[in-house]
Amino acid sequence: MHHQDPTAPIWVATPTALRRMMNHLLACEQIAVDTESNGLHAYQEQICLIQFSVPGADYLVDPLASVNLSGLNEIFSNPGIEKVFHAAEYDILCLKRDFGFTFTHLFDTMIAARILGRSEVGLAALLEEHFGVTLDKRYQRANWARRPLPPAMLNYARLDTHYLIDLRNHLAKELAERGLTALAEEDFLRVCETPAAPAESRPPMWWDVAGTTDLPPQQASLLQALVEFREQQARFANLPPFRVLSNAVLIQIAEANPMTLEDLAEVQGLSYAHLERYGLGIMEALRRGRTRPAPQPPGYSRPNHQILKRLEMLKRWRKDAGRRMGVESDVILPRDTMHALAQCDVTTPEDIERLMAHLPWRWQTFGKELIQLLVKEKIS
């Protein structure tokens, strides 16, 4: 079935429009929320649109208009209003970074779908399944900093939240029927505490790009010089670094260590346009890289044998439990808690309970199994 909604989304870009929207939203018990950022299009990413939907109205708030949005914290921090997101973590990172909001009482439809063991948990798949609505994939990578936004993009943005409350109600009912509401709430609470994304990202280092700290010293110092060159170009052109030159190309250049522009032209994956635009700058960066040592990666110490053994045990157990419950393994035990349990030398059930204090449902459900797994090895 295809819902056709006659009311157009309401564009909020003035203090008056914002006040009117706030009065409406503060009277609601549930609000669907989403954001759009320009991370694929700008050096320093920012939120370019905030969508709110309640029954009967879809609002599109323009953070690029000169309107003070700090009052929205009244909604986000209000425990009496449930905020419904799909995949909230990234939105919350960005909302905290750009506005410093705090969050309480949240429902995340993606987390709910994962806990219910759905194989397709993307918003497009869920809207298709429940409402027969098709999202136009074209706009996922669009530049949301454009003004005015064309009607097709406005409509796409509004569909991101328009059905979310209905979707939330479907999923909440299913969670309740299967006795999984408490597990979901445990994760909704965790996502509220997502830390803000850093406002100024630290400049990347060669090991971030290589994905390893095992490079020969010469190659590492060439790669570091190339990373710095790319960063400077990206900032200058206001583009994300990957749009200037990809990591793969930087690594190829560092490996090839070209001495002339002719050598550089031989490097796989470096287009003629790149060569024209960046060739001389790349050669200059390589010259710099040959004359100085690369920075040392942060002290990487190999985890000890006991920790690795516990981690392997936990991974195996988590996978089996996930299979039994029909969910991905990190639904059973989040990665950070699994690592904490492996790293901590737990000797008593109380040690495990302490590390799982923020996960009461999981402690009640899996505590016995974890005690058997981790405490028995002390006795043996």
Normalised per residue, the volume of the convex hull around the Cα set of region 234-380 (Å³): 203
Amide H of PHE107 versus every other amide H placed in the peptide plane: which residues, excluding those fewer than 5 positions away on the same chain, fall under 5 Å? LYS83, VAL84, PHE85
Which of ARG118, ARG288, ARG230 fluctuates most in a GNM of the chain (C-alpha springs under 10 Å)? That residue is ARG288
Which links in LYS83/LYS309; LYS309/LYS368; LYS83/LYS319 stretch past 29 Å when you go from one Cα to the other? LYS83/LYS309; LYS83/LYS319
Under DSSP H, which helices of the chain have Cα atoms covering 18 Å or more of the helix axis and a Kyte-Doolittle average no less than -0.5? 164-177, 217-237, 360-379
Values of log10 I(q)/I(0), in the order q = 0.07 Å⁻¹, for the chain under a Debye, Cα-only, solvent-free model: -0.44
Quick note on THR35, THR291, ordering by fewest other C-beta atoms within 10 Å, gives THR291, THR35
Distant-in-sequence amide H partners of ALA294 (H built 1.01 Å from N, under 5 Å): SER221
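Rounded to the nearest 0.05, what FRET efficiency is calculated for ALA125 and GLU177 with R0 set to 22 Å and r the Cβ-Cβ distance? If you can, show how the numbers build up before the last one.
Numbers: r = 21 Å, r/R0 = 0.97.
Efficiency, rounded to the nearest 0.05: 0.55.
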Would you please name the GluC sites (Glu not before Pro) within region 17-53 that are DSSP coil residues with at most 16 other C-beta atoms within 10 Å of their C-beta? GLU29
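Fewest Cβ neighbours within 10 Å first, please rank ILE75, ILE10, ILE332 accordingly. Walk me through the numbers on the way to the answer.
Working: ILE75 19, ILE10 16, ILE332 22.
Taking fewest neighbouring Cβ atoms as first place, the list is ILE10, ILE75, ILE332.
State to the nearest 20 debye the size of the charge dipole of the chain about its Cα centre, where the only charges are +1 on K and R beta carbons and -1 on D and E beta carbons.
Working: 41 positive and 47 negative charges, 119 e Å.
Roughly 580 debye, rounded to the nearest 20.
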With just the Cα atoms of region 305-379, tell me how far they stretch along each of the three principal axes, in Å, largest first. 32, 25, 21
With the cut-off at 1.5 for a/c, could you classify region 37-173 from its C-alpha gyration tensor as rounded, prolate or oblate? oblate
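Hey, fewest Cβ within 10 Å first, where do TRP144, TRP206, TRP361 land in order?
Details: TRP144 22, TRP206 26, TRP361 17.
By the 10 Å Cβ count, ascending, the order reads TRP361, TRP144, TRP206.
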Under a no-solvent Debye model with one identical scatterer per Cα of region 228-281, what's log10 I(q)/I(0) at q = 0.19 Å⁻¹? -0.62
Distant-in-sequence amide H partners of THR35 (H built 1.01 Å from N, under 5 Å): GLN51
Which residue fluctuates most in the GNM of the chain (Cα springs below 10 Å): ARG190, ARG277, ARG19? ARG277
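No value in this document is a laboratory result; all are computed from the given coordinates. Remember, it's a predicted structure, so these values are computed and weren't measured experimentally. Neighbour counts are summed over all protein chains in view; Cβ atoms, including those assigned to glycine, are modelled from backbone coordinates with ideal geometry.
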